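Heads up: the structure comes next, in structure tokens.
The values are calculated or read from the model by the stated rules, or taken from the named source; none is laboratory data. If you're wondering where the values come from, they're calculated on a predicted model, not measured in any experiment. Note that we place each Cβ from the backbone using ideal geometry, even for glycine, and neighbour counts take in every protein chain shown.
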Amino acid sequence: MRIRFPRLRARSRQPELVCQQVVELVTDYLEGALSDQDRERFERHLVGCPHCTEYLAQMRETILLAGRVAPEDLTPVMRTELTDLYRRWRAEG
Ligand SMILES: [Zn+2]
């Protein structure tokens, strides 16, 4: 089986975030640590991506339950699961 990685730098003119980047930025976003520009890109991605919107909602809930989430808490299991999920979504088109 051949795995194709997303081409993160393919669109240099419109630097839109890909799902994987959004996943990595979620904790910063929820902590208000993103720059205005990054937050804007983040939210723009959410508008067109129900998967990431749902992920963000889940993260919010997790943080509410746990009090806080350190980036280390997300790895490695959640990231692995998410990567799997996104790969499947991508494959389904
Ligand atoms: Zn997405």
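If you take the residues of region 18-38 that are buried (at least 17 other Cβ atoms within 10 Å of the Cβ) and among the hydroxyl-bearing types (Ser, Thr, Tyr), which of them is farthest from the ligand (Cβ to nearest atom)? The selected residue is Thr27. Residues in region 18-40 that are in contact with a helix residue (DSSP H, G or I) (Cβ under 6 Å, 6 or more places away or on another chain) and among the hydroxyl-bearing types (Ser, Thr, Tyr) were compared, and the one that is modelled with the highest pLDDT is Tyr29.
Checked against the criterion of being in a helix (DSSP H, G or I), modelled with pLDDT of 85 or more and surrounded by 13 or more Cβ atoms within 10 Å (Cβ to Cβ), region 6-17 has no qualifying residue. Among the listed residues Glu81, Glu43, Glu72, identify the single one that is modelled with pLDDT of 85 or more and of a type in the set (D, E, K, R). Result: Glu43 is the single residue among Glu81, Glu43, Glu72 that is modelled with pLDDT of 85 or more and of a type in the set (D, E, K, R).
Being assigned to a helix (DSSP H, G or I) and in contact (Cβ under 8 Å) with a residue 24 or more places away in the chain is the filter; apply it to region 48-65 and report the residue that is farthest from the ligand (Cβ to nearest atom).
Among residues in region 48-65 that are assigned to a helix (DSSP H, G or I) and in contact (Cβ under 8 Å) with a residue 24 or more places away in the chain, the one farthest from the ligand (Cβ to nearest atom) is Ile63.
Within region 54-69, track down each residue that is at pLDDT below 70 and surrounded by fewer than 13 Cβ atoms within 10 Å (Cβ to Cβ).
First, the residues of region 54-69 that are at pLDDT below 70: 68-69.
Within region 54-69, just Arg68 meets the criteria.
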